[in-house]
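Worksheet: one structure, shown below.
The values are calculated or read from the model by the stated rules, or taken from the named source; none is laboratory data. Everything numeric in this text was worked out from a predicted model, so none of it was measured. Cβ coordinates were reconstructed from backbone atoms using ideal geometry, including for glycine residues, and neighbour counts include every protein chain displayed. All accessible areas refer to the heavy atoms of the entire protein, side chains included, with ligands and DNA or RNA removed. Shrake-Rupley method; radii C 1.70, N 1.55, O 1.52, S 1.80 Å.
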Amino acid sequence: MFEELFAVEGYREIRRMAAERLAVDGSAPGLYLWLGLGHMAEDEDDHDAAAERAFRRGLELAPDDVDLIAAYAELCLRADEWDYPGRAKRGVQLVARLQGLATGSPQDQHIQEVLAWHRRGYMEDFRLAVVEARKRRAMLSQQGSALGAAGARRSDGDHDASATQRSAGTVVEQQEVEVAAATAEEFAGRANAPLRWLAANRAGGWIIAAGLSFVTNTLLRTFGVVEGFALWGFLWFGPLLILDRRLAAARERARQSMVDKIVQRDTRGPGNEAAGSGP
């Protein structure tokens, strides 16, 4: 259950449930692992400090737990050496300890990837930024495609999102179904038809907006309405920005819906989670 919550970014719920179960059974190292991971995923100073406390408490109970060592090592390796020199130094020690306990293990391989990330240069940063931008465009395009598919299902009289979700295998696949349903709901109705078209034709929408912006600014300068650089033409990009905000809102609602379903599906009592499992 913790693995599913982590996959859909249910970090707050992970922290809450781990803390509740630790209140019942404070001797479960695996719960400290998930509590720490739930904090570490937020990538904020306060959460990092809470994650470190959780990992250290878990290691007091299980000093050779490779999952805890790997998670704590990752936290320390990504710490700023100027702001947190002690934490950064502990990262080197934890890496050596992990290699001594489980060289070649999945945890060790993951830490080697973290080390490579830590030593990356400016070109790697640039390439990662490009990858992230492409990922975001692909996600928005997927939502646009989902709108078109939802419209086709409505026209065919075959729209059963719950059945589609049940047929999806992994929690990530189920979340994609939730995103598609939330997006279709967000843009339902005749008034949202222009935004539905923009969502399904994002590239064309940006080209049209750029063209209209250039023409508008040129005409304003030509007729002396404005002098020099004009911003009024950029108002044509407004619908695209509104579209992006509403698509993001639909994704967030779908994410929270998926988190709620995972939590509700977990009917086991506190402390029954497999405490030793890693991420």
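Okay, here's what the table says:
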{"read-out": "Average accessible area per residue (Å²) across segment 1-80 - probe 1.4 Å, nucleic acids and ligands excluded", "value": "40"}
{"read-out": "Euclidean distance of C-alpha centroids, segment 178-247 and segment 42-74, integer Å", "value": "46"}
{"read-out": "Zone residues, segment 171-186, relative to ARG265, backbone N less than 13 Å from point 7 Å out along Cα-to-Cβ", "value": "171-178"}
{"read-out": "With every protein chain in place, segment 1-125: carbon and sulfur % of accessible area (1.4 Å)", "value": "50"}
{"read-out": "Protein-only accessible surface order, largest first, of VAL226, VAL24 at 1.4 Å", "value": "VAL24, VAL226"}
{"read-out": "Accessible area in the full protein assembly, largest first, 1.4 Å probe, for VAL263, VAL8", "value": "VAL263, VAL8"}
{"read-out": "Contour excess over end-to-end distance, with Cα ends at ILE207 and SER27 and 0.36 nm allotted per residue", "value": "58.9 nm"}
{"read-out": "Shape call, segment 1-62: gyration tensor on alpha carbons, a/c limit 1.5", "value": "oblate"}
{"read-out": "Rounded to the nearest 10 Å², the accessible area of SER27 at probe 1.4 Å", "value": "80"}
{"read-out": "GluC sites (Glu not before Pro) restricted to DSSP loop in segment 168-265 with at most 15 other C-beta within 10 Å", "value": "GLU227"}
{"read-out": "Long-range Cα-Cα pairs in segment 211-267 (distance over 13 Å), rounded percent", "value": "70"}
{"read-out": "Gain on full stretching of the segment that runs from ARG56 to SER145 - 0.36 nm per residue minus C-alpha separation", "value": "27.4 nm"}
{"read-out": "THR170 accessible area, assembled protein chains, probe 1.4 Å, Å²", "value": "70"}
{"read-out": "Filtered chymotrypsin sites (Phe, Trp or Tyr not before Pro), segment 174-234: DSSP coil and at most 11 other beta carbons within 10 Å", "value": "PHE223, PHE229"}
